[in-house]
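Q: First the structure, then my questions, so here it is.
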Amino acid sequence: MNRTCPRCGAAFACGAQDAEPCWCNTLTLSEATLRALREHYSSCLCAHCLRQLEPEGANEQRFTAL
């Protein structure tokens, strides 16, 4: 499914509904980042934005589609 990132406006492929795991399952985000994302966005962000929002070495928790 093609989507538009609500943060930057870029088009990206969302695999949340695909049979295979989505690319976002390879990212790890802290619980604080996940909470902030859910508070500010009602849909998925692109990989570039997700990588920008999570600092290196943060507590890891598997991202699940919003």
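Q: Determine ³J(HN,Hα), in whole Hz, for all residues of the range 47-52 in sequence, where each value follows from phi through the Karplus function 6.51 cos²θ - 1.76 cosθ + 1.60 and θ = phi - 60°; x replaces Gly and Pro.
A: Those phi angles translate into 4, 4, 5, 4, 5, 5 Hz.
Q: Let me ask something additional. Once you order the gyration tensor axes a ≥ b ≥ c over the Cα atoms, which shape class does the range 2-53 get: rounded for a/c under 1.5, otherwise prolate or oblate by comparing a/b with b/c? Walk me through the numbers on the way to the answer.
A: Numbers: a/c = 1.69, a/b = 1.21, b/c = 1.40.
Oblate.
Q: Would you kindly state how much longer the chain becomes between Asn25 and Cys8 on full extension, computed as 0.36 nm times their sequence separation minus their alpha carbon distance, in nm to one decimal? Can you show the working numbers first?
A: On the way: separation 17, 0.36 × 17 = 6.12 nm, distance 2.04 nm.
The Asn25-Cys8 span can extend by a further 4.1 nm.
We did not get these values from a lab; they are worked out from the coordinates using the rules stated. Note that this is a predicted model, so its numbers are computed, not measured.
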